[in-house]
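The next block holds one structure in the form of structure tokens; read it before the comments.
The values are calculated or read from the model by the stated rules, or taken from the named source; none is laboratory data. On a predicted model such as this, the values are computed, not experimentally measured, just so you know. So basically every Cβ, Gly included, is an ideal-geometry build from the backbone, and we count neighbours across all protein chains shown.
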Amino acid sequence: MIKAFLLTAAGGAIGSMFRYAATLLVGARSFPLPTLLVNITGSFIIGLLFGLSLKENGLSENWKLFLATGVCGGFTTFSAFSMENITLLQNGKYLIALLYITISIVFGLFAAFAGFKLFQ
């Protein structure tokens with residue numbers, strides 16, 4: 001049990017650092033592009049990991065905890081997505097908020113499916 005927590009924590013630390021690096025690389029904008037890119041990329045990666053885990057010699061439980069729960073969990077962020085949308089709505093940027101929500105959901109699901117299908 002302790003090993004599972006440590007694997008998740010280690011992965012989460014790495015994912016969080018990657019997320020912060022992505023935010024620095026993309027930079028702040030009026031449209032929340034860093035979070036959008038991170039969430040779509042994370043969706044693709046978790047789709048890959050899910051597809052790989054279904055293979056006969058796929059990922060072990062330890063690797064799933066480290067990579068999917070830890071790294072992807074630390075890398076992606078629903079809370080930032082939520083707060084950015086609240087901020088957009090409070091600032092009267094309704095169209096941008098709607099666009100952001102729509103792109104995030106549609107492209108996130110597509111990315112996860114595409115990643116999954118690579119191992120099918």
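Residue check: is L49 under 24 Å from F119 (Cβ atoms), more than 17 Å from the chain's Cα centre (by Cα) and either assigned to a loop (DSSP other than H, G, I, E, B) or not charged (D, E, K, R) (or both)?
no
Kindly indicate whether any position in the range 29-50 is more than 21 Å from A111 (Cα to Cα), at pLDDT below 95 and touching a helix residue (DSSP H, G or I) at 6+ places or on another chain (Cβ under 8 Å).
Scanning the range 29-50 turns up at least one residue that is more than 21 Å from A111 (Cα to Cα), at pLDDT below 95 and touching a helix residue (DSSP H, G or I) at 6+ places or on another chain (Cβ under 8 Å).
Taking the residues in the range 51-62 that are hydrophobic (A, V, I, L, M, F, W, C) and out of contact with any helix residue (DSSP H, G or I) (no Cβ under 8 Å at 6 or more places or on another chain) as candidates, determine which candidate is farthest from T102 (Cα to Cα).
Only one residue fits best here, namely L54.
In this structure, is A21 out of contact with any helix residue (DSSP H, G or I) (no Cβ under 9 Å at 6 or more places or on another chain), in a helix (DSSP H, G or I) and either without any contact (Cβ under 8 Å) to a residue 60 or more places away in the chain or not aromatic (F, W, Y) (or both)?
yes
Please work out which residue is nearest to the chain's Cα centre (by Cα), limiting yourself to the range 52-71 and to residues that are within 26 Å of T23 (Cα to Cα) and in contact (Cβ under 8 Å) with a residue 60 or more places away in the chain.
Applying the filter and picking the extreme gives V71.
Going through L65, L24 one at a time, which residue ends up being over 24 Å from I105 (Cβ atoms), in contact with a Ser or Thr (Cβ under 6 Å, 6 or more places away or on another chain) and hydrophobic (A, V, I, L, M, F, W, C)?
L65
I need the full set of residues from the range 62-88 which are small (G, A, S) and under 22 Å from A9 (Cα atoms), in order please.
Of everything in the range 62-88, those that are small (G, A, S) and under 22 Å from A9 (Cα atoms) turn out to be A68, G70, G73, G74, S79, A80.
If I filter the range 76-93 for residues that are among the aromatic types (F, W, Y), surrounded by 13 or more Cβ atoms within 10 Å (Cβ to Cβ) and within 21 Å of R29 (Cβ to Cβ), do I get at least one hit?
Checked the range 76-93: at least one residue is among the aromatic types (F, W, Y), surrounded by 13 or more Cβ atoms within 10 Å (Cβ to Cβ) and within 21 Å of R29 (Cβ to Cβ).
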